[in-house]
1. For Cα extents along the principal axes in Å, the listed values are [x] 85, 57, 39; [y] 59, 47, 32; [z] 69, 42, 37; which was obtained by calculation from the structure presented?
2. Tell me, what HN-Hα J-couplings in whole Hz come from the Karplus equation 6.51 cos²θ - 1.76 cosθ + 1.60 at θ = phi - 60° for each residue of region 298-310, using x for Gly and Pro?
3. Under 8 Å for C-alpha pairs, at least 6 residues apart: give me the relative contact order for region 202-338, rounded to a whole percent.
4. Search the structure for amide H atoms under 5 Å from the amide H of V244, placed 1.01 Å from N in the peptide plane, and list their residues when 5 or more places away or on another chain.
5. Pull up the cross-link candidates among the aspartates and glutamates for K326, meaning alpha carbon to alpha carbon under 16 Å and not fewer than 8 places away within one chain.
6. Can you give the local net charge around L161? Use residues other than it whose beta-carbon is closer than 11 angstrom to its beta-carbon, Lys and Arg +1, Asp and Glu -1.
7. Could you give the angle, 0 to 90 degrees to the nearest 10, between helix 229-238's Cα long axis and the longest principal axis of the Cα atoms of the chain?
8. So if I place +1 on the C-beta of Lys and Arg and -1 on the C-beta of Asp and Glu, and nothing else carries charge, what would the dipole magnitude of the chain be about its Cα centre? I want it in debye, nearest 20.
Amino acid sequence: MRRRVFVAAAAGALGAWPWLASRAQAPSVASLPALEGELTLYLGRGEGGLYENVLAAIEERNPKFTLKVRRGPTAALANAIVAEAGAGVRRADVFWAVDAGAIGLVDNAGLARELPTDLTGQLQAQFRYPNWAPVSGRIRTLPFFTGRLAATDIPTDIMALPDTGLKIGWAPAYASFQSFITAMRILEGDAATADWLRRTRANARSYAGELGVVMGVERGEVDIGFANHYYTLRLKSGKPDASVALAFTRDDAGCLVNASGILALAPGELPVNFIRYLFSREVQSYLAREAYELPLVSGVAGPAGLPPLASLAPPQVDLTRLADLKPTLDLMRDSGVL
């Protein structure tokens, strides 16, 4: 039903959805050029089909436009793009990844086309990159069990967390967790990160994914967990009295703002104009409302239940550096975490 509502809105009054703030600085789809022709998009899996809803709405609005989509794990698609380029082949025209590290892998291989500044200029200043654009953000958070803890019981320094004695939930095999550890390596160094991993492991319980972490916290199986913000917000949207709330660290990897991102691989206007639709008021507001993701364009309100980004203190990290994953995995294995 949710997909049908979204597509219907796109076909009808996509430029005037009632929940949009008039102060939004991102353009309306009504002002964007029509799309004509065919594109192949490599799409990283994620967000429970909500990204597919966006794509369906764009096609619905542009009847002369055909989008071919190859879906798969983000890291696998990034590796495929690099391998195809090495063989002298380009099958993807656009790559939409659910993690900036995969974007960095492709960008570092020199395969991304430079994006026009009028497009990247729609993003908040700290999220502007020449060859790719963060579509939406996700903040690393510490979901905690409100049946035992208050926010004031939780340190604002991620490096101090292992010393609290709190029972911790984590998902070491999960890509977002590994990006978090990569950011910790960048900010704190390998030795300090390895020590943190070993000390945290002593009080940690592993889960298959970060939704599982949040659910484990809510059930009181652990006191606190590591997870992107939207897992908690989605749980609480369906269960407002859930015994879980969010805490945030400051100026460290525990409050990293990572992002899904998109880049153009093919020349010409069509890939760039397709990307423009993802930064429209309508799409950005939809992702904030339905996926609880953080808009990184200026003027679009964030998801309900999340403090404004300006009130938090995320670290300044070049997100393309999160592609340096192999040393992270080696460190995690050496520390007994993987």
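1. Given [x] 85, 57, 39; [y] 59, 47, 32; [z] 69, 42, 37, the calculated one carries the label [y].
2. 6, x, 9, 5, x, x, 4, x, 10, x, x, 4, 5
3. Working: 106 pairs, mean separation 27.7, N = 137.
The value is 20 percent.
4. Those lying under 5 Å, H to H, from V244 are T146.
5. Qualifying aspartates and glutamates at Cα under 16 Å: D99, D190, D334.
6. -3
7. 90 degrees
8. On the way: 34 positive and 33 negative charges, 147 e Å.
Around 700 debye, computed over the chain.
Throughout, read-outs are computed from the coordinates displayed, never taken from laboratory work. Owing to the predicted nature of the structure, the values given are computational and were not obtained by experimental measurement. Glycine also receives a Cβ, built like all others from the backbone with ideal geometry; neighbour counts cover every protein chain displayed.
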